[in-house]
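Asks: The structure that follows is given in the form of C-alpha cells.
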Amino acid sequence: MLRKHMLCLAFFFIWIISFISILRQDSVLRSFRKKIEPLNLYYAVNAVEGDGNLIHEQNQTGDVLTNFAEPINIKDKNDTDLLDKIKQHRLNRSEHFDSWFTIGNNGKKDRLKTNADANGPILDFAIVGFPKTGTSTMMANLATITPMPMADVCTPVHQTVWYSYNNWPRDYGNDKILRGAKCPSLLDGGIIKQYSEFLPKTKLILGIRHPVTWFQSFWNMQASHGHVVDPMEKIHPCKKGKNKKKCKYGCPGQLFCLHRARFHLWMASMGKTQMSSDEREILASNDFDGGDNIRMKNISNDIFVYEQTDLNQDYLWDELATYLDVSSISHSKYRGAKGGSKVENMVDFCNKKYDDFRALMMPNAFDLADWLLTYFIPLAEDKSRLDVVIPNTERFRELVKDYKKDPCGRLQRMENGTYALPN
C-alpha cells in the first residue's frame, strides 16, 4: 500500500514539474511575441473589399540613407546608370529601417517620423482607389515586383511600413525590391492624409471608371454574396447634422451608394486643382459634403490616374513603369474581386426597368467628366507639373467624354441637365 502511495506521489510531482515547464515555455513565447510584435495589432479588412490577416516583426537596424531628396523620374528607360542608382537605394534601404521610426504615445518606437522618407522613398507606391476600378488587377501585376498580399490592407502608414519590410518579404518574396500596398478606399477615407505627413515620397495610384458601370460592378459583387435590396434604396445621400459615424464614403450607413461614385469630390479634396468658385459649382455643390463644404486633404504625393477600360493596354503599363522608376512591369495577370455563389442575383443595369435609377446617376457622371476635362486632365498636360500623371491624356479624354453618355444608350441629356428617354 505504501509503495502505491509513493508511486502516486512521484507521478504527482512529475506532473507538477511538467506543468510548470509548460507555463515557463508559454511565458517565454509570450515575451518573444511581444518583442517581434511591438505594435500589438492584427488587422483584417472585411471581405467586401479584400482580406488582410497580417502580423509583423521588428527590425533593429538604422543609419542614414543615400540622399534622394529630389524626385527621381526616369524619362529615358535606357538611362541604365540612373536605374542602377535607384535599384541600389531600394536594395539597401531596409538596413536603415529603425531610423524611420520614433517613440509613439505608447512609449514604443512604432511611429514613423514626420517626412520619414526625406532621404529616399520608403514605400514606393500605394493603390488608393477606387474600389471596382481594376485595383485587384493592378495589385496582381505589381505583386510580380513587390512583396505584398493579394488583399486590401487599410492600416495606418506606420503598420503598413512594418508589414512591407518584415512580414511581406518573408511571405511573398524577399527578392522583390519594390515596396507597396493596396487599399482602394484610402482616397475617400481619412488615412490618406498620413501619406503626406509621414511618406510624401510614396507615389499614389488611382483608378476610375464610368459611374454606372462602377455601380453595377459593386452591386453584382454584393448581390452574389446574397446582399440584395432595391437599388432605389441606394440613392439617398448623407444629411447635414446626422450621425457622421454612420456616414461613410458619402453613404448613410451603407458600404456603397449612388453618391460614392462622385469620384471628382474625393479627387478634388487632394488639393491638386485651384478649387475656384466655378470649379466648386460642379463638385456636387448641392450636397452637404460638396461644393464649398469639401474637406480639403491637401495631398502632396504624386498621383497616377488610369481608366479601368485600358488596363489591358501596353501604354498604360509602360507609363506606370516610368512613374515607378522601373524598367518594365509584366501585365499578363487579371484578377477580379472574389464574388459569391449566388450569381442568379446579379443584374444588368441596362435593363429598361433600371432607367429611372440610371437617370438619377447620370448627372453625377456628367459632372465627373466635366471636372476631369476642365480642371484635372490639364494638370497632367502641364509640363511643369510632375505630381499628376495620366498615361496618354488624349486617349483618357476620349474615355472620360463618354461618361457624359448613358452607357446603355437609352437615356439622353435634356437641356435642364436631367436624363430621360428621348421622345
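The values are calculated or read from the model by the stated rules, or taken from the named source; none is laboratory data. It should be emphasised that the depicted structure is a prediction, and the values quoted were computed from it without experimental measurement. With ideal geometry, Cβ positions are generated from the backbone for all residues, glycine too; neighbour counts draw on all protein chains shown. Just the protein is used for accessible areas: all its heavy atoms, side chains included, with ligands, DNA and RNA removed. Shrake-Rupley method; radii C 1.70, N 1.55, O 1.52, S 1.80 Å.
Asks: Mind checking the log10 I(q)/I(0) for region 280-320 at q = 0.22, 0.27 Å⁻¹? Debye, one equal scatterer per Cα, no solvent, two decimals.
Replies: Each listed q maps to, in turn, -0.76, -0.84.
Asks: Here's a follow-up. Suppose the chain between residue 87 and residue 318 were pulled fully straight at 0.36 nm per residue; how much longer would it get relative to their current alpha carbon spacing?
Replies: Contour length minus Cα-Cα distance gives 81.4 nm.
Asks: Let me ask another. Once you compute Rg and the Kirkwood Rh from C-alpha atoms, what is the Rg to Rh ratio for region 355-423?
Replies: Values: Rg = 14.4 Å, Rh = 13.2 Å.
Taking Rg over the Kirkwood Rh, I get 1.09.
Asks: So, in nm, how far is label residue 353 from label residue 415 when the simple model puts each one 7 Å beyond its Cα toward the Cβ?
Replies: 3.5
Asks: Would you check the accessible area of residue 111, probe 1.4 Å, heavy atoms only, in square angstrom rounded to 10?
Replies: Answer for residue 111: close to 100 Å² accessible.
Asks: Let a ≥ b ≥ c be the square roots of the eigenvalues of the Cα gyration tensor of region 83-162; is it rounded (a/c under 1.5), or, if not, prolate (a/b larger than b/c) or oblate?
Replies: Cα axes put region 83-162 in the oblate bin.
Asks: Sticking with this one: Go ahead and run the numbers for FRET between residue 423 and residue 385, Cβ-Cβ distance against an R0 of 56 Å, rounding to 0.05.
Replies: 0.80
Asks: In what sequence, largest accessible area first, do 273, 144 appear using a 1.4 Å probe?
Replies: Values: 273 20, 144 50 Å².
If we order 273, 144 from most to least accessible, we get 144, 273.
Asks: Assuming 0.36 nm per residue, please report the length gained on full extension of the stretch residue 172 to residue 395 beyond their Cα-Cα distance.
Replies: Taking residue 172 through residue 395 to full extension adds about 76.8 nm, to one decimal.
Asks: Can you give the accessible area of residue 329, probe radius 1.4 Å, in Å² rounded to 10?
Replies: 10
Asks: Please work out whether region 269-344 counts as rounded, prolate or oblate from its C-alpha gyration tensor, where a ≥ b ≥ c are the square roots of the eigenvalues and a/c under 1.5 means rounded, while otherwise a/b larger than b/c means prolate and anything else oblate?
Replies: Note, shape of region 269-344 comes out oblate.
Asks: I would also like to ask the following. P(r) of region 187-274 in 5 Å steps, Cα pairs, percent per bin?
Replies: In whole percents, the pair-distance histogram is 3, 11, 19, 22, 18, 15, 8, 4, 1.
Asks: On a full-extension model of 0.36 nm per residue, what is the gain between residue 233 and residue 102, subtracting their alpha-carbon distance, rounded to one decimal in nm? The partial results should precede the final answer.
Replies: Working: separation 131, 0.36 × 131 = 47.16 nm, distance 4.68 nm.
Going from the current span to full extension adds 42.5 nm.
Asks: Hey, another quick one. Largest first, how would 344, 398, 279 line up by accessible area (1.4 Å probe)?
Replies: So, going from the largest accessible area down, we get 344, 398, 279.
Asks: Distance from the Cα centre of region 379-423 to that of region 302-317, in angstrom?
Replies: Computed from Cα coordinates, the inter-centre distance equals 16 Å.
Asks: Additional query: Provide, as a two-decimal number, the C-alpha radius of gyration of region 206-320 over 2.2 N^0.38 Å, N being how many residues it has.
Replies: 1.20
Asks: Could you give the size of the charge dipole of region 204-258 about its Cα centre, using +1 on the Cβ of each K and R and -1 on the Cβ of each D and E, expressed in debye and rounded to the nearest 20?
Replies: Value, rounded to 20: 460 debye.
Asks: Can I ask one more? Could you pull the accessible area for residue 153 with a 1.4 Å probe, rounded to 10 Å²?
Replies: Here the accessible area works out near 10 Å².
Asks: Each label point is 7 Å from the Cα along the Cα-to-Cβ direction; what then is the distance between the points at residue 109 and residue 240, in nm?
Replies: 4.9
Asks: Also, I was wondering about something else. Let me make sure I get this right: for region 300-423, a, b and c are the square roots of the gyration tensor eigenvalues over alpha carbons, sorted descending. Under 1.5 in a/c it's rounded, otherwise prolate if a/b > b/c, else oblate. Which is it?
Replies: Oblate shape, in that a/c is at least 1.5 and b/c is the bigger or equal ratio.
Asks: Can you list which of the trypsin sites (Lys or Arg not before Pro) found in region 320-423 are DSSP loop residues with at most 13 other C-beta atoms within 10 Å?
Replies: Sites meeting the loop and neighbour criteria: 342, 383, 385.
Asks: Quick check on my link table: of 108/201; 383/405; 182/234, which ones sit more than 28 Å apart, alpha carbon to alpha carbon?
Replies: Checking Cα-Cα distances, 383/405 exceed 28 Å.
Asks: Could you order 389, 343 by accessible surface area, starting with the largest, using a probe radius of 1.4 Å?
Replies: 343, 389
Asks: Any idea of the accessible area per residue across region 90-191, 1.4 Å probe, to the nearest Å²?
Replies: 29
Asks: Something else about it: Under a cut-off of 17 Å between alpha-carbon atoms, report the aspartates and glutamates in cross-link reach of residue 401, not counting same-chain residues fewer than 8 places apart.
Replies: Residue 401 reaches 307, 310, 367, 370, 381.
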